[in-house]
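Below is one structure, written out as structure tokens; the observations come after it.
The values are calculated or read from the model by the stated rules, or taken from the named source; none is laboratory data. Only a predicted model underlies this, so the values are computations on that prediction, with no experimental measurement involved. Don't worry about glycine lacking a Cβ; one is built from the backbone with ideal geometry, like all the others, and counts go over all protein chains shown.
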Amino acid sequence: MNYRESRRSPFLAGIDDLSRERSHSEHTSREIDEEISRIFNESLEKVRNILQMRRKTLVALAERLIEKEVIDNEELRQIIEANSPNVSIVPGTADASRRPAEPPKEQAVEAKIVENG
């Protein structure tokens, strides 16, 4: 379904936009707004939880970057391991079906790491 009435940005209302008939009801508009708000609020809560869970590691990383400005992969790993007692791979990042069998060495990316608890 497409609920957009025109190709113009919905945030740039003009005089002609105010008189145009809607292609959907006020009830549908309200449901769309509520769903967008729900998705946004859930995502915001997840981000806040992740940041809070990783706060110690993020502070240690920020302090080291203030001192040195640039760190390599090994130093990053050391900071994470030293400040994250329960390190684990983020679900889905080790899934081989989502990545090419062998990425080029210069583009190889290691799995993301998170703290548990």
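Every residue in region 24-38 that is over 21 Å from the mean Cα position of the chain (by Cα) and not acidic (Asp, Glu), please. Once the filter is applied, which keeps residues that are over 21 Å from the mean Cα position of the chain (by Cα) and not acidic (Asp, Glu), region 24-38 yields His24, Ser25, His27, Thr28, Ser29, Arg30, Ile32.
With respect to Glu63, is the statement that it is over 21 Å from the mean Cα position of the chain (by Cα) and of a type in the set (Asp, Glu) true? First the steps, then the outcome.
Working: over 21 Å from the mean Cα position of the chain (by Cα): yes; of a type in the set (Asp, Glu): yes.
The answer is yes for Glu63.
To keep it simple, each residue is scored yes or no on (1) part of a helix (DSSP H, G or I); (2) modelled with pLDDT of 90 or more.
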position	(1), (2)
Glu21	no, no
Thr28	yes, yes
Asp33	yes, yes
Phe40	yes, yes
Gln52	yes, yes
Val59	yes, yes
Arg77	yes, no
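Of all residues in region 54-71, none that is over 21 Å from Pro85 (Cα atoms) has its Cβ atom under 7 Å from the Cβ atom of a residue that is part of a loop (DSSP other than H, G, I, E, B) and modelled with pLDDT of 95 or more, 6 or more apart or on another chain.
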